[in-house]
1. What ranking of B:Leu145, B:Leu178 emerges when the number of other C-beta atoms within 10 Å of each C-beta is taken as an exposure proxy, fewest first?
2. Which net charge results when you count Lys and Arg as +1 and Asp and Glu as -1 among the other residues whose beta-carbon is under 15 Å from that of B:Ala112?
3. Expressed in nm to one decimal, what extension gain is obtained for the pair A:Thr63 and A:Val112 from 0.36 nm per residue of sequence separation less their Cα-Cα distance?
4. Could you line up A:Lys19, B:Lys87 from fewest to most neighbouring Cβ atoms inside 10 Å?
5. Quickly work out the B:Lys117-to-B:Glu22 label distance, labels modelled 7 Å from Cα along the C-beta direction, and quote it in nm with one decimal.
6. Can you compute the modelled spin-label distance between B:Val158 and B:Ser132, with each label point 7 Å from Cα toward Cβ, in nm?
7. Tell me the label-point distance for the pair B:Ala179, A:Ile70, using the 7 Å Cα-to-Cβ offset, in nm and rounded to one decimal.
8. Per residue of region B:167-179, in order, report the coupling 6.51 cos²θ - 1.76 cosθ + 1.60 (Karplus, θ = phi - 60°) as ³J(HN,Hα) in whole Hz, putting x for Gly and Pro.
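Please treat every number below as a calculation from the coordinates, not as lab data. Everything numeric here is computed off the predicted structure, so don't read it as measured data. All Cβ positions, glycine included, derive from the backbone under ideal geometry; neighbour counts span all protein chains shown.
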Amino acid sequence: MNSNTPSDALDRLLSDYFKAQMKRPWPGAPRPTAQAAPARRVEVRNTTAAGLLTNHPTRARITLAASVAILLGSCWYLSSESQPASRSAPDQPGRTSSPLPLETGTAHGPEVLEKVKEIKATQTKPDPADVPMTPIADPFGKHP
Amino acid sequence: MPQGAANLPDPPQASARRAEFESLYEHHSREVWALAYARWMDPDLALDVTQEAFLRLWKQWESGEEIQNPRAWLLRVARNLAEDYAKSAFRRNGTQPPELLNGVRSSQPLPAELLEKEELFAQLRTILDELSQGDRDVLTLRYALDYDANRIAELLGVNVTAVHMRLSRARQRLAERLAGHADFAPNGHGGQGTQP
């Protein structure tokens, strides 16, 4: 058959047209959902100490637990330190005596208040406003 | 054919099934594409239909359905999917009529020779659209997949004579419509002598 006949030209045209419609390269088979679904995770737990530290989720949990423990311990320590232990036990034996009676006294003892007044009277200097003024002598004698 | 796939397959069984699936795709995906393409003359839609048909085959296997003839099953599903597309709202209310696309797929400027070919393809596509779907089936299988008449007849479930007749009729009509083109000048109605 002569290759220049209209029939052959039509064959070529049809062949070119239909082959041009097909994708090249031809796409692969679709991935079924069962295959595309993530496989069930199989965890092999390493229970040794080194394994725990190298295992990221375990290490994170340990770090979190340690942080919480440190926080709670700090709160407990600070709260116990700030409590005045002497307030509830004024006559506790073995306790060193303070020079101020208030440290060992209560608000209901009038004798203690008297003592405080005495101590204050001896320790405090007189207020300059309470001292009467004395006349200053004139160094030039101009004013009698 | 895998049986009893409803149960979770063990890895060797799953890989064997996957291999069979790949083999079916390799051997029959182009046929499925050709029939879907012959329906709408849209290569991308045909490829979507093809992929969907194969995915449905996989799902059938997974549900434990026995499919005696996967090739025939795939072709039937592809035809149904293509017909369903005809009923879809997108097809009915599409944004552009098919003739506007006119087979031109790129907005980039083309060299003159390519542009001429694109125009010829567009003209051919218009003529193919006017043919019956049966004729387009035969033409697509003949020219896209280089199938001979016997194979086309077996795939379409018709006798070989009918394939020859359809092919001859389609070619004659194409030759008539393309007569204005220099390469297809009327020299008698060609195509009778070409037997696939």
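1. Numbers: B:Leu145 17, B:Leu178 20.
Sorted ascending by nearby Cβ count, the order is B:Leu145, B:Leu178.
2. Details: positive: B:Lys117; negative: B:Glu113, B:Glu116, B:Glu118, B:Glu119.
That works out to -3.
3. 12.1 nm
4. On the way: A:Lys19 13, B:Lys87 8.
Sorted ascending by nearby Cβ count, the order is B:Lys87, A:Lys19.
5. About 3.3 nm separates the two model spin labels.
6. Result: 0.7 nm between the two label points.
7. Inter-label distance under the simple model: 9.5 nm.
8. Working through the residues one at a time gives 5, 5, 5, 5, 5, 4, 5, 4, 4, 4, 6, 8, 4 Hz.
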